[in-house]
Structures are given as C-alpha cells and as structure tokens.
Amino acid sequence: MQLVPAVSRFLEKGRSYCEENNRDLDEILGLRLIDNMAPFTFQLFSVAHHSVGAINGLKTGEFNPPKVPPGLNYASLQELISNAESELKALDMDMINALEGGDVIFKMGATSLPFTAEDFILSFSLPNFYFHATTAYDILRKEGVPLGKMDFLGVMRMKGN
C-alpha cells in the first residue's frame with residue numbers, strides 16, 4: 001500500500017507542473033520513454049491492473065493482460081489510481097491471507113501460465129507493477145516534472161509505525 005499512494009502524489013505533481021507551465025495535460029498521455037514502449041496511459045492503467053486487479057485475479061483464479069479503455073485523459077487516470085488506492089485500503093487482510101495457496105492462471109490469447117497465488121504475486125504481478133509505476137514516474141521526470149526518489153518511494157513503513 002506504499003506505492004499506489006505515491007503514484008497518486010506524483011501524478012498530482014505532474015498535473016500542477018503542467019498547469020504552472022501552460023502545458024496540456026493530455027499531451028502527456030501518449031508519451032513514451034522510447035518509441036517501441038507503451039505510452040504513459042498504458043503505464044498508469046497497468047499500475048491499477050497489477051495492484052487491485054491482481055487481487056481480483058487471485059479471487060477469480062484468472063488474470064489477463066490489461067485492456068486500456070479508449071478516451072482516458074489525465075484526470076481519469078488520476079481517478080483510476082485514486083480508486084485503486086481506496087479499494088486496496090478497503091481490503092480485509094484475513095481475506096487476502098486466505099487466498100494463499102490458490103491457483104491463478106495468466107491467460108493471454110492461446111497462452112496460459114499457471115501460478116500459485118504467491119508465485120503469481122511475487123514473480124509476475126509485483127515486478128510488472130513496479131515496472132509500470134517506475135516507467136510512469138520516469139516519463140513525468142523526463143518531461144521536467146520536479147520529482148525525486150522520495151516521490152517514488154512514498155511513505156515508508158518503519159519500525160514503530
């Protein structure tokens with residue numbers, strides 16, 4: 001629950017930066033780090049998909065690649081991340097723990113990859129989550145948004161908290 005709120009905050013910094021510099025927020029949506037990489041919109045949609053969407057995959061036993069709906073703008077991406085944060089906060093830890101040992105299949109076309117719940121989260125969904133959150137951060141940073149490492153890390157869990 002550390003990084004989704006951090007993504008929300010760095011998106012807000014991106015919004016403020018664009019407004020202060022008279023930059024069209026929706027210009028950011030199609031930006032990529034390199035031409036053959038997915039755009040900013042996909043990166044953020046994937047953050048939600050690999051956070052709350054991954055939990056839903058554990059519950060149903062099936063997870064599919066993200067299908068980004070058309071017509072998303074910067075504000076709707078902020079809302080998507082905010083909603084993911086709210087849904088994650090509302091999760092019951094006993095329910096999450098009860099999913100341990102379950103089966104999850106990642107289906108992409110004719111490909112099916114079988115996982116245990118733990119292996120799915122640790123070896124598939126979390127690496128994807130971090131990749132897409134980092135890439136969205138990097139795109140904003142590349143565009144001049146004044147972000148630092150603490151913006152990415154967010155509020156850390158420390159002893160005594």
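Values in this text are rule-based calculations from the coordinates and carry no lab data. Note that the coordinates shown come from a computational prediction; the quantities given were computed from them, not determined experimentally. For neighbour counting, all protein chains shown are included, and Cβ atoms are generated from backbone atoms with ideal geometry for every residue, glycine included.
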Margin query: Using 0.36 nm times the number of residues separating LEU25 and LEU88, minus their current alpha carbon distance, what extension gain do you get?
Written below: 20.0 nm
Margin query: Here are labelled values, [x] 16.3, 56; [y] 16.4, 51; [z] 15.3, 45, and one is the computed Rg and Dmax of the Cα atoms in Å for what I pasted. Which one?
Written below: [y]
Notebook entry, point to check: Which of the helices in the chain, when you take each full DSSP H run, stretch at least 20 Å along the axis at their Cα atoms and have an average Kyte-Doolittle score of -1.0 or higher?
Noted result: 3-20, 74-90, 126-142
Check: So, counting K/R as plus one and D/E as minus one, what does the shell of residues with Cβ under 14 Å around ASP26 add up to?
Finding: -2
Checklist line | Antiparallel DSSP beta bridges within the stretch 3-153, as percent of all bridges there, nearest 5 | finding: 75
Next item on the list: Treating cross-link reach as a plain straight distance, find the lysines whose alpha-carbon is under 30 Å from the alpha-carbon of LYS67, omitting any fewer than eight places away in the same chain.
Entry: LYS13, LYS59, LYS89, LYS107, LYS142, LYS149
Checklist line | Helical mean residue ellipticity (222 nm; -39500 (n - 2.57) per DSSP H run of 4+; nearest 500) of the chain | finding: -16000 deg cm²/dmol
Next item on the list: Would you mind calculating the relative contact order of the stretch 3-153 from Cα pairs under 8 angstrom and at least 6 residues apart, reporting the percent as a whole number?
Entry: 36
Check: What number comes out for the charge environment of ALA117, summing +1 per Lys or Arg and -1 per Asp or Glu over other residues with Cβ under 10 Å away?
Finding: -3
